[in-house]
Amino acid sequence: MVEAELELYGHPFSSYTWKAQIALMANGTDYRFKMLDPGHPDNSAFVAATHPAGKFPVLRDGAIVVVEASAIIEYVAAKYPGDAPLIPSDPLEAAEARMLDRVFDNYVMNNVQAIVDARIRNPENPDPQLCVEAGERLNRAYRWLEEWLTGNLLPAHHSLVTCAAAPSLFYADWVLPIPDECPKLATLRAELLALAPVRQCVDAARPYRRLFPGGAPDRD
């Protein structure tokens, strides 16, 4: 275990908290988890004061504060290098990893969030047009990733890509199941969920499944 005095502010059911946690756990970097819920107002106040939008996760390393999950992973890779190849050493491979990181965040997770937000706003009748449009964009992202996986290899686990893909695909398949015509993507999801840091995140989030808008499926 790499010795560090890190604090990660987040919530066990949050996909972006998972993203940072997977990197920390895979890298063997010690950290203290700072829960964000009504029972820990000081933690929430810290996030509100340090993140430009009051969002999490937020990493504190002494006097240094790092916001945004991708930046947290970059910081950990640079300052606390460990066993996990978080950022590929080859610059071109690193650029590709960062590209995929953005694909998973912007075109998978963001569309999942759009549907989830619609369900939160109106649980009985989520905006149908919004849900259809977000679902179409999500399916497009699925097809793009399937094509990419057909001709390319992912960086070794646990890279930045692993950290972005695991929570994105976990929740995306709950909202809009990965279609049969994307078998490589479905296989990747299963592979990621078998990784020890990912399983730890999945298990830690189980008590909160009842909160998932629209209901969580009885699987995973």
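The values are calculated or read from the model by the stated rules, or taken from the named source; none is laboratory data. Keep in mind that what you see is a predicted model, and the values were worked out from it rather than measured. Cβ atoms come from the backbone with ideal geometry, glycine included; neighbour counts cover every protein chain shown.
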Legend entry - Count of residues meeting criterion [part of a helix (DSSP H, G or I) and under 21 Å from Leu138 (Cβ atoms)] in the range 182-200: 12
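If only one of Leu36, Leu8 is over 21 Å from Ala196 (Cβ atoms) and of a type in the set (A, V, I, L, M), which one is it? Spell out how you get there, then give the answer.
Numbers: Leu8 fails: over 21 Å from Ala196 (Cβ atoms).
Criteria check complete, one pass: Leu36.
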Legend entry - Residue identified as touching a strand residue (DSSP E or B) at 6+ places or on another chain (Cβ under 6 Å), surrounded by 11 or more Cβ atoms within 10 Å (Cβ to Cβ) and in a loop (DSSP other than H, G, I, E, B) among Phe56, Phe33: Phe56
Legend entry - Cβ-Cβ under 8 Å pairs, at least 6 apart or on other chains, the range 195-208 side outside the structural domain of Ala165 (by TED's automatic domain parsing) and within 14 Å of Met35 (Cα to Cα), far side hydrophobic (A, V, I, L, M, F, W, C) and not in a helix (DSSP H, G or I): Ala205/Phe13; Tyr208/Phe13
Inset, instruction - For Ile73, state whether it is surrounded by 20 or more Cβ atoms within 10 Å (Cβ to Cβ), touching a residue at least 60 places away in the same chain (Cβ under 8 Å) and either over 13 Å from the mean Cα position of the chain (by Cα) or not assigned by TED's automatic domain parsing to the domain that holds Trp18 (or both). - result: no
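Without any contact (Cβ under 8 Å) to a residue 12 or more places away in the chain and farther than 30 Å from Asp90 by Cβ: is that true of Arg121 in this structure? Please lay out each step first, then the result.
On the way: without any contact (Cβ under 8 Å) to a residue 12 or more places away in the chain: yes; farther than 30 Å from Asp90 by Cβ: yes.
Yes, satisfied.
Determine which member of the set Asp61, Asp101 is of a type in the set (Asp, Glu), in the same structural domain as Leu130 (by TED's automatic domain parsing) and crowded, with 17+ Cβ neighbours inside 10 Å.
Asp101
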